[in-house]
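What follows is a single structure, written as structure tokens, with notes after it.
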Amino acid sequence: MSMSVAFIGLGAMGYRMAAHLPKAFQSVWVWNRSFEKAEQHAKTYGTQAVSIEQATQADIIFSCLPTSRQVEDIIQAHPPKAGAIWVDCTSGEPESAKHMVEFLKTYQADFLDAPVSGQTIGAEKGTLTVMIGGDQAAFERAYPAIETFGGLIKHVGDSGAGFAVKAVNNMLLAVHLWAAAEGFTTLKANGVDLNSALECINASSGKSGVTETALPQRILNRSFPLTFALPLLAKDTGIALNLAQHAKLPTPLLSLTQNLIQAANLTAAPDSDFSAAVKLYEDWTKITIK
Ligand code: NDP
């Protein structure tokens, strides 16, 4: 396609997501704060490493940064051209999406909140779940670009709805993670072999994404590979809880989980994967989940 497409933020997710864009677009511009990553990306995938001034003038601009704060800073410093669509794949804040929509209206550009799920492996394979909030027509125009790295691509509502779905998804991940830590520690304390228990549970009603992937691939084998940083999970549980509080809902379980994840994040070693949150529980119980 002749449109220009840019990707801003070549981190664990963005680097892999942007690698799919050349399948459908001739002009793919990439920018990263540590610029050598953009240069490496260009060499590896045939994209073009460009300045932030150029990247923000593409027809479709993707961003995937740690929080909405960094996205807002870039958009405000370098607003896109009229007719452009900014597709933000950060796991961001719904309120920020609404602000960015209003801000970009003054430049006749659109903003879609389009966070993703599926971890780095999904980014690599181009099978990410993309949950999108914002203008339906902008969604349809951006679809061919999103499709390059997306599996399930779903418009979930007005601006902010995508960020809200992502935050609640990750809150559920945190709930399952902590519950699995308590459950498997209980089994170990009662003399049960954890690998046998895992096999049974994954064929039973108590299974979850955590028991199916995080437990066998990260926790039981003690590898805790850093692909999704614990501070990012703590940020997401905070966004979810803010949404619940904004709606004046009682959320005892979500509040407790957010506190636990915050505590785990405060006490974790630097550069900890999200799965390392279970180490806080291991410290309390002096039982290792392995
Ligand atoms: P990383 O920490 O790996 O990458 C962060 C990226 O943001 C890097 O490119 C970094 O640049 C850039 N960056 C950080 N601060 C700034 C700044 N002030 N100005 C400009 N660029 C900045 O994060 P992930 O890729 O893991 O996560 C990105 C988003 O995707 C997050 O919102 C996360 O919650 C979400 N997410 C992550 C998943 C995962 O499995 N990792 C899964 C699904 C969603 P530099 O290289 O210079 O540091």
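If you take the residues of segment 66-101 that are part of a loop (DSSP other than H, G, I, E, B) and either surrounded by 22 or more Cβ atoms within 10 Å (Cβ to Cβ) or free of Cβ contacts under 8 Å to residues at least 12 places away in the same chain (or both), which of them is farthest from the ligand (Cβ to nearest atom)? Spell out how you get there, then give the answer.
Going residue by residue through segment 66-101, those that are part of a loop (DSSP other than H, G, I, E, B) are 66-67, 78-84, 89-93.
Filter again for either surrounded by 22 or more Cβ atoms within 10 Å (Cβ to Cβ) or free of Cβ contacts under 8 Å to residues at least 12 places away in the same chain (or both), leaving 80, 84, 89-93.
On the way: Pro80: 16, Ala84: 19, Cys89: 7, Thr90: 4, Ser91: 4, Gly92: 7, Glu93: 10 Å.
Step by step, filter segment 66-101, then rank; the result is Ala84.
For Phe25, the conditions (1) in a strand (DSSP E or B); (2) of a type in the set (Phe, Trp, Tyr); (3) more than 16 Å from the ligand (Cβ to nearest atom) are fulfilled apart from (1).
Of all residue pairs spaced 6 or more apart or on separate chains, those with beta-carbon atoms under 6 Å, a first member in segment 210-233 that is touching a residue at least 12 places away in the same chain (Cβ under 8 Å) and outside the structural domain of Ile121 (by TED's automatic domain parsing) and a second member that is open to solvent by 70 Å² or more (accessible area, probe 1.4 Å) and within 13 Å of the ligand (Cβ to nearest atom) are Leu226/Asp271. Considering segment 102-216, there are no qualifying helices (runs of 4 or more DSSP H) wholly inside with 3 or more residues that are among the β-branched types (Val, Ile, Thr) and more than 26 Å from Leu232 (Cα to Cα).
Please indicate, with yes or no, whether at least one residue in segment 181-200 is away from the ligand (no atom under 16 Å from the Cβ), in contact with an Asp or Glu (Cβ under 7 Å, 6 or more places away or on another chain) and farther than 30 Å from Thr90 by Cα. Give the steps one after another, and end with the answer.
Kept after step one, since they are away from the ligand (no atom under 16 Å from the Cβ), are these residues of segment 181-200: 181-200.
Narrowing further to those that are in contact with an Asp or Glu (Cβ under 7 Å, 6 or more places away or on another chain): none.
Checked against the condition, which is being away from the ligand (no atom under 16 Å from the Cβ), in contact with an Asp or Glu (Cβ under 7 Å, 6 or more places away or on another chain) and farther than 30 Å from Thr90 by Cα, segment 181-200 yields no hits at all.
The values are calculated or read from the model by the stated rules, or taken from the named source; none is laboratory data. All figures in this text were calculated on a predicted structure; none of them were measured in a lab. Positions of Cβ are backbone-derived with ideal geometry, glycine not excepted, and every protein chain shown enters the neighbour counts. Quick note on the areas: whole protein, heavy atoms, side chains included, nothing else; ligands and nucleic acids left out. Shrake-Rupley method; radii C 1.70, N 1.55, O 1.52, S 1.80 Å.
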